[in-house]
1. List pairs: first in segment 26-51 and open to solvent by 40 Å² or more (accessible area, probe 1.4 Å), second aromatic (Phe, Trp, Tyr), Cβ under 6 Å, 6+ apart or cross-chain?
2. Given (1) in contact with a Leu (Cβ under 8 Å, 6 or more places away or on another chain); (2) more than 17 Å from Ile4 (Cα to Cα); (3) open to solvent by 60 Å² or more (accessible area, probe 1.4 Å), where does Leu57 come up short, assuming only one miss?
Amino acid sequence: MITIVANFDVKSDCVDKFIKLAGDCTRSTRKENGNLSYKVFQSRDDETKFTFIEEWLNDVAIEKHNEAPHFKMFIDLIAPLTNGEPSIEQIMRVPGIR
């Protein structure tokens, strides 16, 4: 399993629009083969900070997701709503630690 943590800095006047688009993307992504979990979080301290935590079966599932029309559309639509590029990290659980 591969976990992706993606952080977005959203313009303050675009938060509501970002939330709507994130919800649309989340609903579509959860239907994808190989998606194990897809959750969106908002900072308690700063309403403009969002974190997506995604769990994927393997690299093939991630590649298919990145090419999915709904995901490409989401990325295009949020570009003007955010400050810069998102911070994205792929991580894996450490074996033997539960």
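The values are calculated or read from the model by the stated rules, or taken from the named source; none is laboratory data. From a predicted model like this one, the values you see are computed outputs, not experimental measurements. For neighbour counting, all protein chains shown are included, and Cβ atoms are generated from backbone atoms with ideal geometry for every residue, glycine included. Accessible surface is based on the protein model in full, side chains and every heavy atom, while ligands, DNA and RNA are left aside. Shrake-Rupley method; radii C 1.70, N 1.55, O 1.52, S 1.80 Å.
1. Cβ pairs passing all conditions: Arg30/Tyr38; Val40/Phe52; Gln42/Phe50.
2. (2)
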